[in-house]
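Contents: one structure, followed by commentary.
The values are calculated or read from the model by the stated rules, or taken from the named source; none is laboratory data. Please read all numbers here as calculations on a predicted model, not as lab measurements. Ideal geometry is used to build each Cβ from the backbone, glycine not excepted, and the neighbour counts take in all protein chains shown.
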Amino acid sequence: MGSDLTMVTQLQDLDNRIRELDREVSALPKHIARIEKTLESHIRRLEADRAALSANQRERKGLESDIQVQQQKVSKLRDQMLQAKTNEQYAAFKKEIDYCEAEIRKFEDRILDRMAESEPLEHNVKKAETALTQEKKQVEAEKNTTRERTAQDQAQLEDLRKRRAEAVAAVNPGVYVSYERLRKTRNGTAVAEAVDGRCNACHMALRLQFFQDLRRGDSVMFCESCGRILFYNPPVETDEIGPSAQAEPAAETSALESNR
């Protein structure tokens, strides 16, 4: 493979890795923002439950205070009723007492309703507080991991960009201009491999003569369909054991058996 072709192939590999790391670096803050937003929504929900529970408790205290006021009125009315001089006065005091006692029963019923409402609220608050404590720990751990990962990615990016600058300096300027033009117009992929007589990017078949010239690797060649720079990577042939090599151990075994 020619030096220019080797360089643009390396450039493509470096650019692919740089692009992946750039995506990861940009995605990590979004991930943190997402989990922090979820945490904030859980905090707001807990605050709303706490506020509802506090309002419930305040209302119950107010109703208890109202009951005390009515009980005090009943006590005074009973004392006054004992001093009544006429049946009309006695009946009037009795009517006031009945009214106060009816109000007390209403207040007591409302207290029972508020108590029934408070049970699930208290359960939700305790459950949310426990879950929120664990969630805060997890979010902080993820933030620490993300900071470490971002630092690692930035270090890798710095190294890759340095290697890319070295590769750019080593490639023919004209070839590099073509590479950059293709990279911008071909969704970041300027170099493609020829596999089984086809461009691996556009999957179009290559002319036989074109493919033969490409296999020699003497010069930079462009796909006649999509225009990308093509390279051919010959398959690695493994050494196979021939029949003669397999027969030799068998012959030696026969000779040993005849000498016994």
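Some observations on this one:
- Flag if GLN138 is part of a helix (DSSP H, G or I) and under 30 Å from MET7 (Cα atoms): no
- Some residue of the stretch 74-81 being among the hydroxyl-bearing types (Ser, Thr, Tyr) and either outside the structural domain of LEU39 (by TED's automatic domain parsing) or within 30 Å of SER41 (Cβ to Cβ) (or both): no
- Residue in the stretch 172-207 that is nearest to ASN233 (Cα to Cα), counting only those that are of a type in the set (Ser, Thr, Tyr) and either outside any helix (DSSP H, G or I) or more than 35 Å from the chain's Cα centre (by Cα) (or both): THR189
- Residue within the stretch 214-225 that is part of a strand (DSSP E or B) and either outside the structural domain of THR9 (by TED's automatic domain parsing) or crowded, with 17+ Cβ neighbours inside 10 Å (or both) present: yes
- Picking from residues in the stretch 119-146 that are among the basic types (Lys, Arg) and surrounded by 12 or more Cβ atoms within 10 Å (Cβ to Cβ), the one that is nearest to the chain's Cα centre (by Cα) is LYS143.
- The residues on offer are LEU77, LEU112, LEU121, LEU132, and the sole one that is in contact with a Phe, Trp or Tyr (Cβ under 6 Å, 6 or more places away or on another chain), of a type outside the set (S, T, N, Q) and either at pLDDT 95 or above or part of a helix (DSSP H, G or I) (or both) is LEU77.
- In the set (1) assigned to a helix (DSSP H, G or I); (2) in contact (Cβ under 8 Å) with a residue 12 or more places away in the chain; (3) outside the structural domain of ASP13 (by TED's automatic domain parsing), the condition left unmet by ARG149 is number (3).
- Test for ASN259: is it closer than 23 Å to ASP13 by Cβ, of a type in the set (S, T, N, Q) and at pLDDT below 95: no
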